[in-house]
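The values are calculated or read from the model by the stated rules, or taken from the named source; none is laboratory data. What you see is a predicted model; the values in this text were computed from it and never measured. Positions of Cβ are generated from backbone atoms using ideal geometry, with glycine treated the same way; all protein chains shown enter the neighbour counts. These accessible areas exclude ligands, DNA and RNA; they are computed on the full protein's heavy atoms, side chains included. Shrake-Rupley method; radii C 1.70, N 1.55, O 1.52, S 1.80 Å.
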Amino acid sequence: MLFFHGRSGPPSRLISRILQSVALVVACSLFVTLAHAGVIRGTVTDPTGATVKGATVVLTVGKKYVGTTVSAADGSFQFVTGQSGRFALAITAQSFRQLQTEQFYASRNDNIERILVLAPEWVRESIVVTATGTPLPQQQSSFSTEVLSPLDLAFRDDVVSVLRMQPGVAVVQLGQRGAQTSLFIRGGDSNAAKILSDGATASEMGGIFDFGNLSTAGIQSAEIYRGPNSSLYGSDAASGVVSFNTPRGITTSPTLTFNGDVGNFTTFRDQLELAGSRNKLDYYGTYAWLQTANDLPMDQYHSGASAANIGYQPYANLQLRGAAHYTVDAVGVPNAWDFYKIADDRKESDQNLYMTGSLDYQLSPDFHNQVRYSGARKREQSMQWYPAGVCIPTGTCDLPVGTYPAGNFYGKNVIIRGANGTQVTGQALLNYSTTNYSIYPNRLDLVTNRDQVLYEGDFHFTPHLTGLIGFHYENERGAEREPVYFINDEAERNNYDYLAEVHGDFKGRFFYTLGGSLGHYTIIGTQTSPRFGVSYFLVRPRKGVFNGTRLNFNFADAIREPTLADQAGSLYTFLLDNGGQDTIEQLHIPQLQAPTARTWEGGIEQGFLTERIVFHLNFFHNQFGRQIENVGAGLIPQLLPNLTPEEQQELEAFLNNNGAFSLIVNSQAFRALGIESTVEAGIGRSFFLRGGYTYLDAVVQRSFSSDNEAYLNGEAPTYNGIPIGIYSPLKGARPFRRPPHSGFISASYAGHRWTFVSTAAFSSRSDDSTYLGYSDLDQGNSLLLPNRNLDHGFAKIDFGGSFQWSSHLYFYGQAENLLDDQHMAPIGYPSLPFNFRLGIRVHLGKAGQ
């Protein structure tokens, strides 16, 4: 037995020391654990960059709850995880819409930092990338960018109708579903917009892109940037940029989704999707098939579209990703049915592959780097088996080549009526005969191959200043082949771009962007493209009737590369090779050059009722110079005065029959100024309303047709004394197919089980041509109509909806063109009448994990 002598203190002192030692060991252990545990921290801000205090932040891994916290006075939050997995954050705050972040992988030792931007509760605000090259809230960008959300694309089988719901945009489809479709942004030409698929340039050489065969399969969202942006994206971004993005797998277990629907005009569509994620890997894949008979003879259309997106994140600061889209389609090309009432026997088919591979590396919290390879392989075949039409004079279409008089194939006797009230009657030339040097069957092949390498690095010097530098290399190979006419035009281009840009803010009120690029292009030489933009909050967003006033201003220069057809069909080169030097000097015909664009833009954004309503108003002034203009085959022989009349007639027939219906020259200039207005409103959390109106005042300032056609022909073609531009607009007129008035209205409801989307797009009449010059029975111009207001205005109203029967079964439907308006296409091309589809969606998997 042990006894303690003396004072009674020692036993209590010993216990105290033991407890202190245990506490020290626990503290050290906790310190060591924290030192090696993963940390997820960040800052919660509103769209202007102001921090949000008191936001609830929830961290999950898969479907498992990890923890919750509240943002501090400076908007900061932090979690200590101590585990690996695919994490996600959910943030809620009063007067803001709940934000659910994309999943990200983090190991137990990683430190992750996120800046979370909350959107207003009642309207939609998005993070955009296209305008500045780095993610930025819309309210911090001075540039005009719209975002297409998954709800906008829901129920749709193509993007044509969705693109009509954008300010400053005119969509022109030459026929019915699957027909060639072009996009005109703020008055620019149809090939003046850069089209991107996951960052890969998707257009042909020179910017041509057909939206008619672009399926919504594998497209989660899109950004439409209005304005020149060659400083970031090089040539072809002369009037805007359209960027499509592929979905990513987010569920922690595989999910399989099937959509199947049927509709009138023998329309069928099926789509299968597989998506998911596991630890460091996420994956997505889809395939869709669409076929329809359309409403015209020889106009069947089918399309198969597939897409894949695979990401691998070995470390929190390193991500590898690969994505690809591949489509095959074929559509009949009955030609301008209203001009002939006989369908042409022609088919167009495409095989398009877009692919990207990227490496994103966060070298430090302030320095982000991306290296990306992107490629495109585009193939287009146009095939005609026989010359449709009526032979006139009868029996003269199969005589020996060069026989006079030679017959051709014409349509039926029709009345051609313009929206301007004018009309003509006659039979229009549909196909040239074998007597006139044509060969049947014939096939035209167009090929575009592109490989690109990109490096971009952005560095945050301070929380209020970011710099971006980059280098782009592009190799393009193109070919145009028509074997029966011995055409085999090929071109290869190597293009380089060096870019630099800074953007930042002063005290979360004044935001700015300043940048530019220096590019060297094989065909157009060295070019520079500067741009500048500022945005200023005159009144910051706040509670009240008037709760936010923002002003913005932008300036930019841009260029466009000529297409392969432009390069092969240069009027300057043709005249130079055929003894037309005197004509070149007399008419000041230049060598092939790069078309240019310059934009000045200013606008205001105003919020009402605590941002339940947001109104945007933009004014823009675009100047397009050195634009490419067509010179018709009927005029070209007259530019060679050394030829006899018989030789000129023979040359015209040869050009037409070899597909050279026109040659090109950089002779056109026009300005396009206008006003864009949009209003967005939220009613509760489920209803969203949006509308817009655009006024476009575009005027041709210089035109080859005006300057030289009248001089060469003695007089220009007229209709009762009204001058007519056959192939391009005359000086003082509007550019073709760009309506002065357009608008849209949309309303959507997204409830627990029901979803509805109703849209309406409107357009006024626009200028155009029948393009039937030298195409009547006497090879004359009696089938031309005045250009002014030749195309009809239209209203297109669509309605779609879905019902969730259970977590695994949905029913949906889509009805388009409820007014049965067939004037949405240009004159001569009837649009698809009222059409609908009804379908089911089957979902297998644990959604929401």
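Our note on the geometry: Cα centres of segment 334-366 and segment 789-849, 21 Å apart. For residue 194, a cut-off of 23 angstrom between C-alpha atoms picks up these lysines, skipping any fewer than 8 places away in its own chain: 378.
Considering only protein heavy atoms, what per residue accessible area in square angstrom results for the chain with a 1.4 angstrom probe?
42 Å²
Taking all protein chains together and rolling a 1.4 Å probe, residue 84 ends up with roughly 50 Å² accessible.
Let me know the charge dipole size of segment 731-849 about its Cα centre in debye, to the nearest 20, where only the beta-carbon of Lys, Arg (+1) and Asp, Glu (-1) is charged.
Working: 11 positive and 9 negative charges, 124 e Å.
So the magnitude is around 600 debye.
Estimated from helical segments only, the mean residue ellipticity of the chain at 222 nm is -2500 deg cm²/dmol, where each DSSP H run of four or more residues counts as -39500 (n - 2.57). Heavy-atom surface analysis with a 1.4 Å probe gives segment 402-537 a carbon and sulfur content of 60 percent of its accessible area. Net charge in the neighbourhood of residue 794 (other residues with Cβ under 14 Å of its Cβ; Lys, Arg +1, Asp, Glu -1) is -2. For the chain, the longest principal axis of the alpha carbon atoms and the long axis of helix 10-36 meet at an angle near 10°. Its convex hull of Cα atoms gives segment 178-293 a direction-averaged projected area, equal to a quarter of the hull surface, of 9.0 nm². Take the Cβ atoms of residue 598 and residue 778, set R0 to 51 Å, and the FRET efficiency comes out at 0.70. Computed as a quarter of the hull surface, the mean projected area of the alpha carbon convex hull for segment 512-641 stands at 11.5 nm². Ellipsoid semi-axes for segment 355-461, based on the Cα gyration tensor and the rule √(5λ), read 57, 22, 9 Å when sorted largest first.
When only the Cβ of Lys, Arg, Asp and Glu is charged (+1, +1, -1, -1), the dipole of the chain relative to its Cα centre reaches about 4900 debye. Taking all protein chains together, 614, 401, 447 sort by accessible area into 401, 447, 614, largest first [probe 1.4 Å].
Within a straight-line Cα-Cα reach of under 22 Å, residue 412 can be paired with the following lysines, leaving aside sequence neighbours fewer than 8 residues apart in one chain: 341, 347.
Positive-end ranking of 797, 138, 84 along the dipole of the chain, with charges on Cβ about the Cα centre, is headed by 84. Of the accessible area of segment 716-849, with the probe set at 1.4 angstrom, what percent is carbon plus sulfur? Roughly 61 percent, rounded to a whole number.
Just for the chain, what percent of DSSP beta bridges are antiparallel, to the closest 5? Around 95 percent antiparallel, to the nearest 5.
For residue 507, a cut-off of 16 angstrom between C-alpha atoms picks up these aspartates and glutamates, skipping any fewer than 8 places away in its own chain: 46, 74. Angle of helix 645-657 to the longest C-alpha principal axis of the chain, folded into 0 to 90 degrees and rounded to 10: 30°. Residue-wise HN-Hα couplings along segment 429-437, as the Karplus relation 6.51 cos²θ - 1.76 cosθ + 1.60 with θ = phi - 60° gives them from phi, are 4, 9, 8, 7, 8, 5, 4, 9, 6 Hz; Gly and Pro carry x. Distance between the C-alpha centres of segment 415-493 and segment 753-767: 29 Å, rounded to the whole angstrom. With the charge dipole of segment 502-607 set up from +1 on Lys and Arg Cβ and -1 on Asp and Glu Cβ about the Cα centre, the Cα lying farthest toward the positive end among the listed residues 548, 525, 563 is that of 548. Summing charges over all other residues whose Cβ lies under 14 Å from the Cβ of residue 132, with Lys and Arg as +1 and Asp and Glu as -1, gives -4. Here the relative contact order of the chain, from alpha carbon pairs under 8 Å that lie six or more residues apart, stands at 10 percent.
Stokes-Einstein at 20 °C, 1.002 mPa s, Kirkwood radius from Cα pairs: D for the chain in µm² s⁻¹?
On the way: Rh = 29.5 Å.
It diffuses with D of about 73 µm²/s by this estimate.
Note down the magnitude of the dipole of segment 321-415 about its Cα centre, charges +1 on Lys and Arg C-beta and -1 on Asp and Glu C-beta and zero elsewhere, to the nearest 20 debye.
On the way: 9 positive and 10 negative charges, 17 e Å.
With Lys and Arg at +1 and Asp and Glu at -1, about 80 debye.
Working note: Karplus 6.51/-1.76/1.60 with θ = phi - 60° gives segment 470-479 the couplings x, 9, 10, 10, 9, 10, 10, 10, x, 8 Hz, where Gly and Pro are set to x. Summing Lys and Arg as +1 and Asp and Glu as -1 over all other residues whose Cβ lies under 12 Å from the Cβ of residue 453 gives a net charge of -2.
Find me the longest stretch of the chain that has none of the exposed GluC sites (Glu not before Pro), where exposed means in a DSSP loop (not H, G, I, E or B) with at most 14 other Cβ atoms within 10 Å. Numbers along the way, then the final one.
Values: sites that count: 102, 715.
Result for the longest clean stretch: 103-714.
With loop membership from DSSP and a limit of 12 other Cβ atoms within 10 Å, the longest segment of the chain without chymotrypsin sites (Phe, Trp or Tyr not before Pro) is 5-384.
Note on segment 112-220: Rg/Rh from Cα positions, Kirkwood definition for Rh, rounded to two decimals, is 0.99. With contacts taken as Cα pairs under 8 Å and at least 6 residues apart, segment 443-590 reaches a relative contact order of 15 percent.
At a 1.4 Å probe, what is the % contribution of carbon and sulfur to the accessible area of segment 176-302?
Numbers: 2000 of 3530 Å².
That fraction is 57 percent.
For the chain, the residue among 608, 217, 670 whose Cα projects farthest onto the positive side of the dipole built from Cβ charges is 608. What separates the Cα centres of segment 529-577 and segment 268-283 is a distance of 36 Å.
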